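Here, each number is a calculation from the coordinates, and none is a lab measurement. Nothing here was measured: the structure is a model prediction, and the numbers come from that model. Backbone-built Cβ (ideal geometry, glycine too); neighbour counts: all protein chains shown.
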Ligand SMILES: [Fe+2]
C-alpha cells in the first residue's frame, strides 16, 4: 500500500530550477562526509580530499564535521586513526591557505563492535553527544530498536544517517514514526533530493520533509561526482522548501 506511494512519480533526476549561489546556502556546517583520505570508501588521497573541501567551501560551507565509516567488517577505524587523519587534513589545509574548519566524528555501523565501543565510551560524537549511525541498506538489523535504545541509555543522542536510503523501509509511517517516538534524530542526504540514490530514496526524503522530520542535512560526500551533483541539488526549489518546513540544526553543531 505504502510502496505505491513511493512509485507514484516517475522522474528522478530533476534539473535545478533555482539559480544557486553560495550566499543562498541556508546552512554553513556539514555534518556527514568522508573526507579523510584512504581510511574508508570516501576520498582515496589527499589531493582529492583538498578538492572536495575546496569545493564545499565554494558552495558556502564554513565548517565540516567529517564522519569516516566505522564498520567491523570493512573499515576498522579507531577513534585515534580518525583524529590523526583529521589533524593531517587540517595541516594540509593550513599549508594551502584554505580557511575552513574541520572536525572529526564518525558514521557508526550498528554492529557488535559498535556496542562494545559504546560500553567503553570510545565514541566520536558530533557536538557533545550526537552519535551518527547507519545500518545495512537491505536488511533491518535484528534487535534494531534495542540497539538504538542502548545509544540513548548511555546518554548519547542517536542520529540516523540517511533514513531515506534504507530499502527495507516499506511502511514509512510505522518505521520512521517508531524511531521518532524513541527520540531518534534524522539526517537526510541533500543529494537524495536530486535523485542521486534513485527514485525511492528521493521520495522517502520528500516524505520525511513534508512530515517535518528532517533534523539535519548532510552532503555524505565521498567523490568529486557527488560534489558536482550536490551543487545541482542545492539549486532545487524543493531543497529550499524542505529547509523552510524543517528546523534544520546543522549550524548548532
Ligand atoms: Fe556516509
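Of the peptides 156-163, 188-195, the ranking by mean beta-carbon count within 10 Å, highest at the top, reads 188-195, 156-163.
The slack in the chain from residue 182 to residue 116, taken as 0.36 nm per residue of separation less the alpha-carbon distance, amounts to 21.6 nm. Per residue, the Cα convex hull of the chain amounts to 116 Å³. Shape summary of the range 90-194, radius of gyration then Dmax from alpha carbon positions: 15.8, 50 Å. For the chain, relative contact order (Cα pairs under 8 Å, six or more residues apart, normalised by length) works out to 24 percent.
Could you sort the peptides 165-172, 229-236 by per-residue average Cβ neighbour count (10 Å cutoff), highest mean leading?
On the way: 165-172: 16.5, 229-236: 21.0.
Packing proxy ranking, top to bottom: 229-236, 165-172.
Measuring between their Cα centroids, the range 70-145 and the range 21-61 lie 16 Å from each other. In the chain, helical runs assigned H by DSSP with n ≥ 4 each contribute -39500 (n - 2.57); averaged across all residues and rounded to the nearest 500, the mean residue ellipticity at 222 nm is -12000 deg cm²/dmol.
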